[in-house]
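**Student:** Below is the structure I would like to discuss, written out as structure tokens.
Just so it is clear, none of the values below were taken in a lab; they were calculated from the coordinates. Predicted model only: the values in this text are computed from it and were never measured. In this analysis, Cβ positions are derived from the backbone assuming ideal geometry, glycine residues included, and neighbour counts consider all displayed protein chains.
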Amino acid sequence: MSWMLRRELGIGLSLLVGNLVLSMFLCAILLTASCLANAYPSVNVLGIDISRMQPERFALLPFKISDLTRSARSIPSNCHFYIKDAEDEWNFATPFDYIHGRALASCFHSHKTVFEHAFKALRPGGYFELQDCILPLRFFDSTGEGTALETWAQRLNTGAAALGKDFGSVAKYKTILEEIGFIEIVELQFQLPIGIWAAGKKMKTLGELMRKDLLHGIEGMSMAVQTRGLGLNPEEVKSHLAEVKKDLLNDKVHAYFQM
Ligand SMILES: C[S@@+](CC[C@H](N)C(=O)[O-])C[C@H]1O[C@@H](n2cnc3c(N)ncnc32)[C@H](O)[C@@H]1O
């Protein structure tokens, strides 16, 4: 999914300049870091995540296993993974040329803390690249009004806030980076449709992938936040998600992520 997004959106590795790279947050990072290490054999790539990487996720990839993915299956010797909470102190011995993080909107109590760690861990002139969705999702027109999907999107942010997490932090990334001292900050914004309602082959491909991703992960994204944060019981969450999934599959509902 993430590789397809990366390729379709045309953003990614062009900023890679040096010989030591930190790639944050596994999951798809197993793919990202391995492919990166394969593509740049002289580069040392490090991937970190708070939880163990899950190679079984390969089975869930919604596209045919490509050469790219095959190369990622064998972890190259210049690629290493560590389990680490990114909010804890970073004690890496060597400064990085490039640090990359993606889909981190829901991960931290303080994004600023993590970005400060990244700032200190970069060599002078190094690059920090973030790719993320602004939450909550949005609707292109009035087709989302009164839908279960609209309620779900609001519940996610409200539930997270009750647990001390700001899921809306992506919209503040640029300001946070400026405050920390990053310079020459470039913010590119994209619209990523959910489903195949948007015009054009590229948008339909992206939308279909995003929809598959959401349908697959929506329970995991919702359960803790809505039970612990909002006090709903698991059955309530599940029955609401059944309605949300219908909205996701309804091409008359024009939902998208601002990225
Ligand atoms: C939404 S996934 C994104 C994965 C990958 N970057 C991608 O683009 O597909 C978020 C990842 O961040 C990890 N994560 C969450 N909180 C974290 C933390 N405090 N420190 C390090 N990793 C964390 C999760 O375990 C999960 O693998």
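**Student:** Using the Cα centre of the range 121-176 as the reference point, and only Cβ charges (+1 on K/R, -1 on D/E), how large is the resulting charge dipole? Debye, rounded to the nearest 20.
**Tutor:** 300 debye
**Student:** I've got another one for you. Rank-order 179-192, 236-249 by packing density, defined as the average count of other C-beta atoms within 10 Å over each peptide's residues, highest first. Let's see the in-between values first.
**Tutor:** Numbers: 179-192: 10.9, 236-249: 16.1.
With the highest mean Cβ count within 10 Å placed first, the list reads 236-249, 179-192.
**Student:** While we're on this one: Long-range amide H contacts for LEU122: which residues qualify at under 5 Å (H placed 1.01 Å from N, peptide plane, sequence gap of 5 or more or a different chain)?
**Tutor:** The answer is PHE96.
**Student:** Each label point is 7 Å from the Cα along the Cα-to-Cβ direction; what then is the distance between the points at THR151 and HIS80, in nm?
**Tutor:** Placing both labels 7 Å beyond Cα along the Cβ direction yields 5.0 nm.
**Student:** Could you give each residue of the range 124-140 its phi-based ³J(HN,Hα) in whole Hz, using Karplus coefficients 6.51, -1.76, 1.60 with θ = phi - 60°, and x for Gly or Pro?
**Tutor:** x, x, x, 10, 10, 10, 10, 10, 7, 9, 7, 9, x, 4, 10, 10, 5
**Student:** What is the gain in length, in nm to one decimal, between ALA224 and ARG123 on full extension, counting 0.36 nm per residue of separation less the C-alpha to C-alpha distance? Each step should come with its number before you reach the end.
**Tutor:** Working: separation 101, 0.36 × 101 = 36.36 nm, distance 3.77 nm.
Taking ALA224 through ARG123 to full extension adds about 32.6 nm, to one decimal.
**Student:** Determine which lysines satisfy two conditions relative to LYS204: a Cα distance under 26 Å, and not lying fewer than 8 residues away in the same chain.
**Tutor:** LYS64, LYS212, LYS245, LYS246, LYS252
**Student:** Turning to a different aspect of this structure: In terms of modelled amide H atoms, which long-range or inter-chain residues lie less than 5 Å from the amide H of PHE81?
**Tutor:** GLY47
**Student:** Per residue of the range 90-104, what does 6.51 cos²θ - 1.76 cosθ + 1.60 with θ = phi - 60° give for ³J(HN,Hα)? Whole Hz please, x for Gly and Pro, Karplus curve as stated.
**Tutor:** Here the 3J(HN,Hα) series is 9, 10, 7, 5, 10, x, 9, 8, 8, 10, 10, x, 9, 6, 10 Hz.
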